[in-house]
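The values are calculated or read from the model by the stated rules, or taken from the named source; none is laboratory data. If you're wondering where the values come from, they're calculated on a predicted model, not measured in any experiment. Ideal geometry is used to build each Cβ from the backbone, glycine not excepted, and the neighbour counts take in all protein chains shown.
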Amino acid sequence: MGFWIIFPICLSLVSFIGTWSYGLAFSNNHVCSLTNGNSNYCRVNQTDDGCCWVPTISSGTYPPENSLFTATINAGSFMLLFCIFHHAHIMEKHSSQSMMSKFALVFGVIAAMGAFTAGNCNLHYLGAAISFMCVCFYTALLTALTGKYVLSGYEKFLYPLRITSTVFQALVTIITVLFVQTEYFYVHLSAVFEWMLSINLELFELSYAVEFFFFSSYMLSNLLSKREEEK
């Protein structure tokens, strides 16, 4: 069983490695500094060499940082498997919570698709907006489920941590939306909040290493067999 603990750990580490795209972009002078809110940032169709791009989470429009970010997002799309495996775990141990788990699964899948869009389709803001909004619902539902089931026996410790993470995710997402402005200070602040949301999600995913220690592949097989029986 313990083998599956590496899945949420690897998912979080891959996301963390992707944050180095900012380091590459900043070292190559492709983006503004995250700590400087008064930079001369580039606007759409601006070609002034003296400007820099806003340091969003998909930092940089040039290689190598854009390649690193795209590769990270593609690897992070394994969040789809995270959603499915966790749903299978709940269905095996607490099938009475199947409806809430299915709703969480839907939001998790849409969040992963939004992240993929942000990294691969030149639709950063649309993909990021969809992803972060769905992540809010996803984390809220998973946290609610944590208070209703016992998968690991450590829920009394995990539940308050996940409540804190979920509330933080929701509040910062709302603030990020409010700061969608044209002035650089607000654009920059929105980018900072975007990074905070990403790190918070990485820590939230990492907390599921505890539950995945008790996960087994037979749970996934049972989920698939149940689907066949329903047909």
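Condition first: small (Gly, Ala, Ser) and modelled with pLDDT of 90 or more. Now tell me which residues in the range 130-147 satisfy that. Walk me through it before giving the result.
Here is the first cut: in the range 130-147, the ones small (Gly, Ala, Ser) are 131, 140, 144, 147.
Those that are small (Gly, Ala, Ser) and modelled with pLDDT of 90 or more: Ala140, Ala144, Gly147.
So that you can scan it fast, the table gives a plain yes or no per residue for (1) under 23 Å from the mean Cα position of the chain (by Cα); (2) surrounded by 13 or more Cβ atoms within 10 Å (Cβ to Cβ); (3) at pLDDT 70 or above; (4) assigned to a loop (DSSP other than H, G, I, E, B):
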{"site": "Ser21", "(1), (2), (3), (4)": "yes, yes, yes, no"}
{"site": "Phe26", "(1), (2), (3), (4)": "yes, yes, yes, no"}
{"site": "Asn29", "(1), (2), (3), (4)": "no, no, yes, yes"}
{"site": "Leu34", "(1), (2), (3), (4)": "yes, yes, yes, yes"}
{"site": "Ser39", "(1), (2), (3), (4)": "no, yes, no, yes"}
{"site": "Asn45", "(1), (2), (3), (4)": "no, no, no, yes"}
{"site": "Ile57", "(1), (2), (3), (4)": "yes, yes, no, yes"}
{"site": "Ser67", "(1), (2), (3), (4)": "yes, yes, yes, no"}
{"site": "Ile73", "(1), (2), (3), (4)": "yes, yes, yes, no"}
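Looking at the range 170-190, which of its residues are among the charged types (D, E, K, R) and at pLDDT 80 or above? Before the answer, list the steps.
Of the range 170-190, the ones among the charged types (D, E, K, R) are 183.
Listed by number, the list is empty, since nothing qualifies.
Name every residue in the range 108-129 that is of a type in the set (Val, Ile, Thr) and modelled with pLDDT of 85 or more, in order of residue number.
Of all residues in the range 108-129, those of a type in the set (Val, Ile, Thr) come to 109-110, 117.
Within the range 108-129, Val109, Ile110 qualify.
For residues that are surrounded by fewer than 16 Cβ atoms within 10 Å (Cβ to Cβ) and either modelled with pLDDT under 90 or touching a Cys at 6+ places or on another chain (Cβ under 8 Å) (or both), tally how many sit in the range 94-107.
3
Step by step: first the residues of the range 137-163, then only those that are of a type in the set (D, E, K, R) and surrounded by 16 or more Cβ atoms within 10 Å (Cβ to Cβ), then the one that is farthest from Phe212 (Cα to Cα). Which residue is that? It would help to see each step written out before you state the result.
Here is the first cut: in the range 137-163, the residues of a type in the set (D, E, K, R) are 148, 155-156, 162.
Cutting the leftovers down to surrounded by 16 or more Cβ atoms within 10 Å (Cβ to Cβ) gives us 155, 162.
On the way: Glu155: 13, Arg162: 16 Å.
The qualifying residue farthest from Phe212 (Cα to Cα) is Arg162.
Quick one: would you say Thr61 is in contact with a strand residue (DSSP E or B) (Cβ under 7 Å, 6 or more places away or on another chain), at pLDDT below 70 and surrounded by fewer than 15 Cβ atoms within 10 Å (Cβ to Cβ)? Break it down into steps so the answer makes sense when it comes.
Working: in contact with a strand residue (DSSP E or B) (Cβ under 7 Å, 6 or more places away or on another chain): yes; at pLDDT below 70: yes; surrounded by fewer than 15 Cβ atoms within 10 Å (Cβ to Cβ): yes.
In short, yes.
Tell me whether the range 121-128 contains one or more residues that are in contact (Cβ under 8 Å) with a residue 24 or more places away in the chain, touching a Gly at 6+ places or on another chain (Cβ under 8 Å), on the phi < 0 side of the Ramachandran plot and not polar (S, T, N, Q).
yes
Between residues in the range 99-118 that are closer than 9 Å to Cys134 by Cβ and residues that are buried (at least 23 other Cβ atoms within 10 Å of the Cβ) and of a type in the set (A, V, I, L, M), which pairs lie under 6 Å by C-beta distance while being six or more apart or on different chains?
Ala111/Val135; Ala112/Met79
Name the pairs: first residue in the range 184-201 and farther than 25 Å from Ile9 by Cα, second residue assigned to a helix (DSSP H, G or I), Cβ to Cβ under 8 Å, at least 6 apart or on different chains?
Cβ pairs passing all conditions: Ser190/Thr176.
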